[in-house]
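*Asks:* One structure coming up, written as structure tokens, with questions to follow.
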Amino acid sequence: VRSLDFAREMKNRIIGFIGPYGSGNTTLATRLSQQSKLPRITTGDIIRNLAENDMGPLGEECRTMFAANGYLSGESLLKILVQRFCQEDVANGLILDGGMRTLKETSDFRKVLDQANLRLPLTVIHLQIPYRTSYFRLVLGKNARKRTDDTLTGVFGRLSKFHLQLQERIAVIQDQPDWELRQVNANRGIEEVFQEVLLQLT
């Protein structure tokens, strides 16, 4: 019964996660999607799919982005997200895993929702961990993820980009009338962090 109540509470809203690499965005977003019954939308998966399967200019831009450990242009990401958010499965809300990684992406997110006619309140969960935890979880620890781009140099580059204009991005989120930001200490075990996320959402 509790899970059904929670799914009802989560309906007709958007929950987004932002946080440094290694903070648990994807794990937490996946679990929240399962518990809330809202679809999990990850910009990374959409972009990876384009990089692998789109032989046109957009696919080439995605491939170049991955090779450079960079980001897509704001215009391209805007186009991709509007297309995805127009689909029927997100009409009653969604869990956003990724996005808002630059000031322009964050500022443009309102345009994405408007152009997709998806006018729902947004709660952004800001997962906070120190740099050393990112390195431990991705590169150095016994159970580190160690994806091909999880090198010290690669992680440092991605962390630097995440922290660039972070306070300005937070200010944009806090300035929107139907958006809210919740800070969560993610430098703990995943179960403890997930319970804190649930508390912040109810």
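*Asks:* Can you show me the helix-derived [θ] at 222 nm for the chain, built from DSSP H runs with n ≥ 4 at -39,500 (n - 2.57) apiece and divided by the number of residues, rounded to the nearest 500.
*Replies:* So the helix-based figure for the chain works out to -16000 deg cm²/dmol.
*Asks:* Here is a further query. Can you send over the carbon and sulfur percentage of the accessible area for the range 1-136, probe radius 1.4 Å, protein chains only? Could the numbers behind the result be given before it?
*Replies:* Working: 3360 of 6380 Å².
Ligands and nucleic acids excluded, carbon and sulfur give 53 percent.
*Asks:* Pairs of Cα atoms under 8 Å, at least six residues apart: use those to get the relative contact order of the chain, whole percent. Display every interim value, and only then the final one.
*Replies:* On the way: 288 pairs, mean separation 58.9, N = 202.
Across the chain, relative contact order equals 29 percent.
*Asks:* What residues from the range 179-202 fall in the zone where the backbone N is under 19 Å from a label point 7 Å along the Cα-to-C-beta line of GLN35?
*Replies:* Label zone hits: 181-202.
*Asks:* Given an 8 Å cut-off on Cα distances and at least 6 residues of separation, report the relative contact order of the range 56-153 as a percent. Walk me through the numbers on the way to the answer.
*Replies:* On the way: 50 pairs, mean separation 18.8, N = 98.
Result for the range 56-153 is 19 percent.
*Asks:* In debye, nearest 20, what is the charge dipole magnitude of the chain about its Cα centre with +1 on Lys and Arg Cβ and -1 on Asp and Glu Cβ, if you could check?
*Replies:* So the magnitude is around 520 debye.
*Asks:* I've got another one for you. Given the peptides 115-121, 80-86, arrange them by the average over their residues of other C-beta atoms within 10 Å, most packed first. Write down the numbers at each step before the final one.
*Replies:* Details: 115-121: 14.1, 80-86: 17.3.
Order by mean packing, descending: 80-86, 115-121.
*Asks:* Highest mean first, how do 19-27, 46-54 rank when packing is the count of other Cβ atoms within 10 Å averaged over residues? Let's see the in-between values first.
*Replies:* Details: 19-27: 20.6, 46-54: 15.4.
Put in order of decreasing packing, that is 19-27, 46-54.
*Asks:* A follow-up question, please. With a probe of 1.4 Å, find how much accessible area the chain has per residue, and write the answer as a whole number in Å².
*Replies:* On the way: 10280 Å² over 202 residues.
In whole numbers, the chain has 51 Å² accessible per residue.
*Asks:* Mark the label point 7 Å from the Cα of LEU201 along Cα→Cβ and return the residues of the range 102-118 whose backbone N is within less than 14 Å of it.
*Replies:* No residue passes the distance filter.
*Asks:* What number comes out for the charge environment of ILE129, summing +1 per Lys or Arg and -1 per Asp or Glu over other residues with Cβ under 10 Å away? Write out the running numbers ahead of the final one.
*Replies:* Details: positive: ARG132, ARG137, ARG188; negative: none.
Within the 10 Å Cβ shell, the charges total +3.
*Asks:* Distance between Cα centroids, the range 151-167 to the range 54-119: provide it in whole Å.
*Replies:* 20 Å
*Asks:* So between ILE190 and GLN87, what do we pick up on full extension, going 0.36 nm a residue minus the alpha carbon distance? Mind showing how you got there, number by number?
*Replies:* Details: separation 103, 0.36 × 103 = 37.08 nm, distance 3.10 nm.
That works out to 34.0 nm of additional length.
*Asks:* Another one. Under the rule a/c < 1.5 gives rounded, and otherwise a/b versus b/c splits prolate from oblate, where does the range 33-139 land using the Cα gyration tensor?
*Replies:* On the way: a/c = 1.61, a/b = 1.08, b/c = 1.49.
The shape class here is oblate.
*Asks:* Once you list every other residue whose beta carbon is under 10 Å from the beta carbon of ARG101, what net charge do they have if Lys and Arg are +1 and Asp and Glu are -1? Working shown, then result.
*Replies:* Working: positive: LYS104, ARG158, LYS161, ARG169; negative: GLU105.
Overall, the nearby charge balance is +3.
*Asks:* Show which lysines lie in cross-link reach of LYS104 when reach means a straight Cα distance below 29 angstrom and same-chain residues fewer than eight apart are skipped.
*Replies:* Answer for LYS104, where 29 Å is the Cα cut-off: LYS11, LYS79, LYS161, listed by chain and number.
The values are calculated or read from the model by the stated rules, or taken from the named source; none is laboratory data. It should be emphasised that the depicted structure is a prediction, and the values quoted were computed from it without experimental measurement. Cβ atoms come from the backbone with ideal geometry, glycine included; neighbour counts cover every protein chain shown. Remember, those area values only see protein heavy atoms, side chains included, never the ligands or the DNA or RNA. Shrake-Rupley method; radii C 1.70, N 1.55, O 1.52, S 1.80 Å.
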